[in-house]
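Here is the structure we will look at, set down as structure tokens.
The values are calculated or read from the model by the stated rules, or taken from the named source; none is laboratory data. Predicted model only: the values in this text are computed from it and were never measured. Glycine gets a Cβ as well: all are built from the backbone with ideal geometry, and neighbour counts include every protein chain shown. Quick note on the areas: whole protein, heavy atoms, side chains included, nothing else; ligands and nucleic acids left out. Shrake-Rupley method; radii C 1.70, N 1.55, O 1.52, S 1.80 Å.
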Amino acid sequence: MIISPSLLSCDFTNIEKELNYFSHIDNVWFHLDIMDGHFVPNFTLGGPLAKQIVSKTKLPIDAHIMVSNPEFHGELLKDTGIHNLTFHLEATDNPLELIKKFKGYFKSVGISIKPNTPVSSISLEVLKAIDLLLIMSVEPGFGGQSFIESTYNKMNDVVTLKKNHDLSFMVQIDGGVNNLNSTKLKDHGANNLVAGSYIFKDGPSNYEKKLESLRS
Ligand code: DX5
Ligand code: ZN
């Protein structure tokens, strides 16, 4: 299980310190939310800051772009050194074309669906092409929201599809993840959990404990 602390909830004024608290732990990716103030009603950061963050850690950076024009933002991020780029299915008419393009820029490419987007709206061609599927378990835009329970039904659909078509993409869950739902999420096929407020809210002395509690 890969755990991805969502940097949206960390202390950005001490970013290097925050990243270092996790540097000795295995199977950690940092989740970096990139929002354009249009696809979602919030705004975060872009390429230059993403590049600086990448330079401060050896751990992989996983960018989740919540933007209306993923092609434009993907271009801006291509030389930042981020490991994975995930864009939203709802933001494009040509997901397959974009995946192919981004595969030339990033080691790993993912697609994400919002809570009201059914798994059936992702074509088999897209499922075959991705490295990661991000199922949003809250409406994208803000940390600290409550987990939406219907996510489990979507995960069941994904498990069936993966089995029937012998697909190997990673299943990432983002939003409202904590120690009370992590086991159930794992049992429903998750192999990457993103957690922001749960990991960061009680300060650095609890980060590792919190992270391990999501794996157990
Ligand atoms: C929300 C972001 C999440 C967010 C999760 O749009 O995509 O990554 O940081 O925060 P928590 O874990 O607090 O729900
Ligand atoms: Zn995210």
Inter-centroid distance (Cα atoms) of region 147-163 relative to region 167-216, Å: 16
Highest to lowest packing among 83-91, 100-108, scored as the average C-beta count within 10 Å: 83-91, 100-108
Whole-number D in µm²/s for region 1-66 (Stokes-Einstein; Kirkwood sum over Cα pairs; 37 °C, 0.692 mPa s): 267
Longest to shortest principal axis, alpha-carbon extents of region 83-188, angstrom: 38, 32, 24
The chain - percent of accessible surface contributed by carbon and sulfur, probe 1.4 Å: 50
Built amide H within the under 5 Å cut-off of Y105, gap 5+: none
Rounded accessible area per residue of the chain, 1.4 Å, Å²: 46
Cα-based reach from K17 at 17 Å (exclusive), listing aspartates and glutamates while leaving out same-chain residues under 8 positions away: D202, E208
Pairwise Cα inverse-distance average, inverted: Kirkwood Rh of the chain (Å): 17.1
Förster-model FRET efficiency, 22 Å R0, N20 and T183, C-beta, rounded to 0.05: 0.15
